[in-house]
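The values are calculated or read from the model by the stated rules, or taken from the named source; none is laboratory data. These numbers come from a predicted model, not from an experiment. FYI the Cβ positions are ideal-geometry reconstructions off the backbone, even for glycines, and counts take in every protein chain you see. All accessible areas refer to the heavy atoms of the entire protein, side chains included, with ligands and DNA or RNA removed. Shrake-Rupley method; radii C 1.70, N 1.55, O 1.52, S 1.80 Å.
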Amino acid sequence: QVQLVESGGGLVQAGDSLRLSCAASGRTFSNMGWFRQAPGKEREFVSAINCSGGVTLYTDSVKGRFTISRDNAKKTVYLQMNSLKPEDTAVYYCAAGSAYFGQLSSIYPYWGQGTQVTVSS
């Protein structure tokens, strides 16, 4: 049974850092990503990483502040979030898939339950 479990969310102040983790069980996925959904908004792409970790994608609003990485031995993907802003407040979801790589949520068949990130000003 495939399961993605996120951790690392919390309440921080603007300018602080958090590191999110997503541990996969059941299998290894080629491509993994992070999405987020703020209250009243649609889920949006944040970042993605391919199997080797050699290719990464970021949405413009987090470039230079967030870094995605993975440890294939641990079947875990990370999202290091620095210089957090109140507009980063959202539930962050881990997503995984193997067939395609990109920003579309529809290409990721497996999803975690989400972890809340709240950034106060």
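Considering only beta bridges that DSSP places wholly inside the chain, some 90 percent are antiparallel. For the pair residue 30 and residue 116, a Förster radius of 30 Å applied to the C-beta separation gives a FRET efficiency near 0.60, rounded to the nearest 0.05. Among the chymotrypsin sites (Phe, Trp or Tyr not before Pro) in region 24-121, those located in a DSSP loop and surrounded by at most 16 other Cβ atoms within 10 Å of their own Cβ are 100.
Largest GNM mean-square fluctuation across 102, 40, 54, computed for the chain with C-alpha springs under 10 Å, falls on 40.
Sequence gap at least 6, Cα distance under 8 Å: using those rules, report the relative contact order of the chain to the nearest whole percent.
Details: 306 pairs, mean separation 43.6, N = 121.
Relative contact order here is 36 percent.
Estimated at 0.36 nm per residue, the fully extended path between residue 82 and residue 60 surpasses their Cα-Cα distance by 6.5 nm.
How do 19, 36, 27, 70 stack up against each other in accessible area, from largest to smallest, with a 1.4 angstrom probe? Working shown, then result.
On the way: 19 130, 36 15, 27 90, 70 40 Å².
Descending order: 19, 27, 70, 36.
Close amide H contacts of residue 114 (hydrogens built in the peptide plane, cut-off under 5 Å, sequence separation of 5 or more or a different chain): 6, 94. Give, to the nearest whole percent, the P(r) tail of the chain beyond 17 angstrom, counting all Cα pairs. When every Cα pair of the chain is considered, 50 percent fall beyond 17 Å. A 1.4 Å probe over all protein chains sorts 11, 4 by accessible area into 11, 4, starting with the largest. Apolar share of the accessible surface for the chain: 46 percent from carbon plus sulfur atoms, 1.4 Å probe.
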